[in-house]
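**Student:** Here it is, the structure, as structure tokens.
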Amino acid sequence: MDFLVYRHLVESFTEQMRYEALPYWSSVPLPAQSLGPRYAAWKRAKIKGAPKLTRMTRERRNKLDAPTAWPDAKLRALSSVAPPKLLSLPWVAPSFPWWPLGGGWKSQAADPKLLLFSRFRATPPSVAALLSFGVEVHCLPKKQGGYEKAYRRRRFKLATVPGPVMAAFHPSLWLIRNTDPLAKAGATLSAVRKEIRRQILASLPKGIIERDTVKARQRHRSIARTLASIEQMIGVAEQSTAGWSSAIGDDRAAQSATRQWRRAQPIERLSPIELSDLVDYAIGAPGVVLGRALLRHDPTILDPARYAELVQLSWQGLRAYLDNPVFLSSLPGKSAVEQVMGAVVDGGLESVLDEHFWLRAQNLQEGAAGLAKDLQSSLGLRAGSFSFHGIGGPPHKIPVRCHVAVPFGDAESEPVVKVDGGVAQAAPARPDEVRRSFNTPFWPHVLATTSVGQEGLDFHPWCSHVVHWDLSSNPLDLEQREGRVQRYAGLAIRRRLASVLRNDVLRDPEMPNGSPWRCVQRHAELKVDESGLRPWWVFDGAEIRRHVFERPFGRDIVRFAHLREQRMIYRLALGQPNQEDFIHVLSRGGAETRALLQPLVLDLSAMGLRQMDISKAPPEGDDGHTQEASLVDAGEISG
């Protein structure tokens, strides 16, 4: 199957350009459809019709009919590292979960973020489009409009009366201020629910729970009506409705719901069933969870002057992000609200947001006060699409959405935004917008780039996997690539810190009064050595993972081992006037020379601090950065 693609490309290229077929085929998935007129060999080629060739077609896209395996060994290997089920998760698992996670987050391997480096500019968008398409094929129901209509239906809309959707995304001032699951962090979910129930009862007037008659015990008003009545009772209904008015715009149904929320009567009695609803929404409502997590870092977010920012973030940001057919087709539940609230609990969203806000506040010029607007802009990314060139018939293009995986930098992608009823062209997402969104725990999970993404940029906040799709040509580029995820307080560091310090943090009496991550940092700082040369974010066992995919009969694994050796020598050559000549001379010295040089190497990485004998080093790498290098033979995986 793979060879048919290569042979078709060779036969389509002119005789003078056929030598270029091999490197393109070895890097670019579906090269005859992906390269485009920017490449001279493709521009001069006569792409022949090939009925037996596995390719992207409009019919295949519209019917969500992906082949069992695409004819590309590296892509098949990548799909085994990042399968559609993993990529379909709406956010990355927290490093410090407050209770046992469930659903797709239950596995310890729930780290879907990958940073992928390639040689050609056509590779990132092709990989991103095919990965995104694979996730849609895996998740979307094929009998409900197929590919083109998948995003037209919106599940989270406000009705003319307050309902479960409004309640789910309502940042309830009362619930945010009076409930906190951190009081039972580390316990079972059942224990957390009991604690939340106790907190709710403590914040309500005594005797409000009605148990006198069967009818009273079974009364079940909507959760939205219950919350609105409680807010009337405590005098915050006006602030709530003012916040909603700023977020809903000219939506008449939403305006009607907001007016009715304002006119709700103060609550007098509450049934046990309604109390149970309040517990559910205190733990699982995305609006409440978002507000509580943000309040830990930005104590002014509930002030009347700023509350509208929180409502806008919840409704225009988080609600719009979660109203995604991929998520709602893959999460369990009877309704969209039930699905999302279940995911909030199973995936520890509040813990994830707390972790993200703690890290992000350190890098914002406005500090914690800028967190709400920063997250809203990140959630609003519309990455675009990539058009494959059709094979056979009149020239035509087949646009495919890029969302869970996106190209970065100078890669060839086409900007689009999703609108009701179709797709509209728009200004392309800037690289800094794509990077900012990737550096959140939310989509996109895969960032595919060329050398443009390997220098001076940080991708470490939620990513600890580097994919060397095409190997770098020199050790300096290898160092730069892996340095993108080996940074201050990166995901690999936080995972390790949370594992080692978890019991200490849970026993810390200060932990429930703020962010657990402030406690993690404080306890980590206690382990700093007296010299000051080993800061808290340098931690043994904090490992990134590298992935190198090799085609059958390829030499990438051998070349990668050689690059690691050269990188060791490169670190020794830092500061030398003629580094390239020095590296070349030392590289010819063999194993004995390398063993002699190893103790002299400067290890400047954030995770090193270990001198390893290169002759005894494990296959993972020469620098001790990787627990499992995942040097995958794509040919063996693809069968």
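The values are calculated or read from the model by the stated rules, or taken from the named source; none is laboratory data. In this text, all values refer to a predicted model and were calculated from it rather than measured experimentally. Methodologically, a virtual Cβ is constructed for each residue, glycine included, from the backbone with ideal geometry; neighbour enumeration extends over all protein chains shown. Just the protein is used for accessible areas: all its heavy atoms, side chains included, with ligands, DNA and RNA removed. Shrake-Rupley method; radii C 1.70, N 1.55, O 1.52, S 1.80 Å.
**Student:** Pull up segment 108-143, narrow it to residues that are assigned to a loop (DSSP other than H, G, I, E, B) and of a type in the set (S, T, N, Q), then point me to the one that is nearest to P461 (Cα to Cα). Walk me through how you get there before you give the answer.
**Tutor:** Step one: of segment 108-143, the residues assigned to a loop (DSSP other than H, G, I, E, B) are 108-113, 118-122, 140-143.
When the remaining residues are screened for being of a type in the set (S, T, N, Q), the result is 108, 118.
Values: Q108: 18, S118: 21 Å.
Looking at the filtered set, the residue picked out is Q108.
**Student:** In addition: Which numbered condition trips up V289, out of (1) surrounded by fewer than 20 Cβ atoms within 10 Å (Cβ to Cβ); (2) assigned to a helix (DSSP H, G or I); (3) of a type outside the set (G, A, S)?
**Tutor:** Result: V289 fails condition (1) only.
**Student:** Tell me, which residue of segment 447-463 that is of a type in the set (G, A, S) and farther than 16 Å from R436 by Cβ is most open to solvent (accessible area, probe 1.4 Å)?
**Tutor:** Going through segment 447-463, the residues of a type in the set (G, A, S) turn out to be 448, 451, 453, 456.
Checking which are farther than 16 Å from R436 by Cβ leaves us with 448, 451.
Values: A448: 1, S451: 75 Å².
So, considering only residues that are of a type in the set (G, A, S) and farther than 16 Å from R436 by Cβ, the one most open to solvent (accessible area, probe 1.4 Å) is S451.
**Student:** Something else: Say whether the condition of being under 20 Å from P164 (Cα atoms) and in contact with an Asp or Glu (Cβ under 9 Å, 6 or more places away or on another chain) is met by at least one residue in segment 249-256.
**Tutor:** No, segment 249-256 has no match at all.
**Student:** I'm checking my understanding of the structure. Among residues of segment 68-86 that are open to solvent by less than 30 Å² (accessible area, probe 1.4 Å) and outside any helix (DSSP H, G or I), which one is nearest to V345 (Cα to Cα)?
**Tutor:** Looking at residues that are open to solvent by less than 30 Å² (accessible area, probe 1.4 Å) and outside any helix (DSSP H, G or I), I get A82.
**Student:** Which of the residues spanning segment 175-191 are open to solvent by less than 40 Å² (accessible area, probe 1.4 Å), more than 17 Å from P286 (Cβ to Cβ) and part of a helix (DSSP H, G or I)?
**Tutor:** Residues satisfying the conditions are L182, A191.
**Student:** Cβ contacts < 8 Å: first residue more than 14 Å from H396 (Cβ to Cβ), restricted to segment 59-70; second residue small (G, A, S) and at pLDDT below 90, any location; separation 6+ or different chain. Result?
**Tutor:** K63/G146; L64/G146; A69/S638
**Student:** Here's something else I'd like to know. I'd like to verify a number: residues in segment 83-110 that are farther than 25 Å from D323 by Cβ and in contact (Cβ under 8 Å) with a residue 40 or more places away in the chain, how many?
**Tutor:** Narrowing segment 83-110 to residues farther than 25 Å from D323 by Cβ: 95-100, 107-109.
Of the ones still in play, those that are also in contact (Cβ under 8 Å) with a residue 40 or more places away in the chain are 95-100.
The number of residues fulfilling the criteria is 6.
**Student:** Select from segment 504-554 the residues that are β-branched (V, I, T) and in contact (Cβ under 8 Å) with a residue 60 or more places away in the chain and list them in ascending order.
**Tutor:** V505, V520, V538, I544, V548
**Student:** Right, another one. Please go through (1) open to solvent by less than 10 Å² (accessible area, probe 1.4 Å); (2) closer than 30 Å to L270 by Cβ; (3) in contact with a Lys or Arg (Cβ under 9 Å, 6 or more places away or on another chain) for H170 and return the number of the only condition it doesn't satisfy.
**Tutor:** Here H170 clears every test but (3).
**Student:** Follow-up. Where residues in segment 243-264 are more than 23 Å from T179 (Cβ to Cβ) and assigned to a loop (DSSP other than H, G, I, E, B), which of them is modelled with the highest pLDDT?
**Tutor:** That would be R263.
**Student:** Check I391, I398 and return the single one that is open to solvent by less than 30 Å² (accessible area, probe 1.4 Å), in a loop (DSSP other than H, G, I, E, B), within 20 Å of T123 (Cβ to Cβ) and at pLDDT 75 or above.
**Tutor:** I391
**Student:** Which of the residues spanning segment 209-228 are surrounded by fewer than 20 Cβ atoms within 10 Å (Cβ to Cβ) and in a helix (DSSP H, G or I)?
**Tutor:** Residues satisfying the conditions are V214, K215, A216, R217, Q218, R225.
**Student:** Also, I was wondering about something else. If you take the residues of segment 87-116 that are touching an Asp or Glu at 6+ places or on another chain (Cβ under 8 Å) and under 26 Å from V137 (Cβ atoms), which of them is surrounded by the fewest Cβ atoms within 10 Å (Cβ to Cβ)?
**Tutor:** We begin by selecting, within segment 87-116, every residue touching an Asp or Glu at 6+ places or on another chain (Cβ under 8 Å); these are 92-96, 98, 101-106.
Checking the rest, the ones that are also under 26 Å from V137 (Cβ atoms) come to 92-93, 102-106.
On the way: V92: 23, A93: 23, G102: 15, G103: 16, G104: 19, W105: 22, K106: 12.
Going through the qualifying residues, I end up with K106.
**Student:** While we're here: Just to verify a result, which residue in segment 322-348, among those that are of a type in the set (S, T, Y) and within 17 Å of W443 (Cβ to Cβ), is surrounded by the fewest Cβ atoms within 10 Å (Cβ to Cβ)?
**Tutor:** Only one residue fits best here, namely S329.
**Student:** Could you give every pair whose Cβ atoms fall below 7 Å, whose first residue belongs to segment 140-161 and is at positive phi and touching a residue at least 24 places away in the same chain (Cβ under 8 Å), and whose second residue is among the hydrophobic types (A, V, I, L, M, F, W, C) and surrounded by 14 or more Cβ atoms within 10 Å (Cβ to Cβ), counting only separations of at least 6 or pairs across chains?
**Tutor:** Close Cβ pairs (under 7 Å, with a partner that is among the hydrophobic types (A, V, I, L, M, F, W, C) and surrounded by 14 or more Cβ atoms within 10 Å (Cβ to Cβ)) amount to G146/L64.
**Student:** Would a scan of segment 211-219 turn up a residue that is over 15 Å from I176 (Cα atoms), at pLDDT 90 or above and among the polar types (S, T, N, Q)? Don't jump to the end; show me each part of the working.
**Tutor:** To start, the set of residues in segment 211-219 that are over 15 Å from I176 (Cα atoms) comprises 211-219.
From what is left, the residues that are at pLDDT 90 or above are none.
No - not one qualifying residue is present in segment 211-219.
**Student:** State which residue is farthest from A167 (Cα to Cα) when the search covers only segment 197-208 and only residues that are basic (K, R) and surrounded by fewer than 15 Cβ atoms within 10 Å (Cβ to Cβ).
**Tutor:** Among those residues, the one meeting the criterion is K206.
**Student:** Looking at segment 39-67 only, could you name the residues that are in a loop (DSSP other than H, G, I, E, B) and open to solvent by 60 Å² or more (accessible area, probe 1.4 Å)?
**Tutor:** From segment 39-67, those in a loop (DSSP other than H, G, I, E, B) are 39, 44-57, 63-67; that's our starting set.
Once the filter is applied, which keeps residues that are in a loop (DSSP other than H, G, I, E, B) and open to solvent by 60 Å² or more (accessible area, probe 1.4 Å), segment 39-67 yields R44, K46, K48, P51, K52, K63, D65.
**Student:** What's the number of the condition G36 fails, among (1) assigned to a loop (DSSP other than H, G, I, E, B); (2) out of contact with any His (no Cβ under 7 Å at 6 or more places or on another chain); (3) open to solvent by less than 40 Å² (accessible area, probe 1.4 Å)?
**Tutor:** Only one criterion in (1) assigned to a loop (DSSP other than H, G, I, E, B); (2) out of contact with any His (no Cβ under 7 Å at 6 or more places or on another chain); (3) open to solvent by less than 40 Å² (accessible area, probe 1.4 Å) is unmet by G36, namely (2).
**Student:** Give me the pairs, please: first residue somewhere in segment 555-567 and closer than 13 Å to E482 by Cα and touching a residue at least 12 places away in the same chain (Cβ under 8 Å), second residue anywhere and open to solvent by less than 50 Å² (accessible area, probe 1.4 Å) and part of a helix (DSSP H, G or I), beta-carbon distance under 6 Å, and either six or more positions apart or on two chains.
**Tutor:** Pairs found: L563/P475; L563/L478; R567/P475; R567/L478.
**Student:** Restricting to segment 91-107, name every residue that is in contact with a His (Cβ under 9 Å, 6 or more places away or on another chain) and of a type in the set (S, T, Y).
**Tutor:** Across segment 91-107, there are no qualifying residues.
**Student:** Starting from residues that are in contact with a Gly (Cβ under 6 Å, 6 or more places away or on another chain) and more than 21 Å from Q362 (Cα to Cα), keep the ones in segment 298-315 and report whichever is surrounded by the most Cβ atoms within 10 Å (Cβ to Cβ).
**Tutor:** Initially, segment 298-315 is screened for residues in contact with a Gly (Cβ under 6 Å, 6 or more places away or on another chain), giving 307-308, 310-311, 314.
Okay, now just the ones that are also more than 21 Å from Q362 (Cα to Cα), so 307-308, 311, 314.
Values: Y307: 22, A308: 17, V311: 25, S314: 27.
Only one residue tops the list, namely S314.
**Student:** May I pose another question? Taking the stated definitions as given, is A383 open to solvent by less than 30 Å² (accessible area, probe 1.4 Å), within 28 Å of V137 (Cβ to Cβ) and within 20 Å of the chain's Cα centre (by Cα)?
**Tutor:** yes
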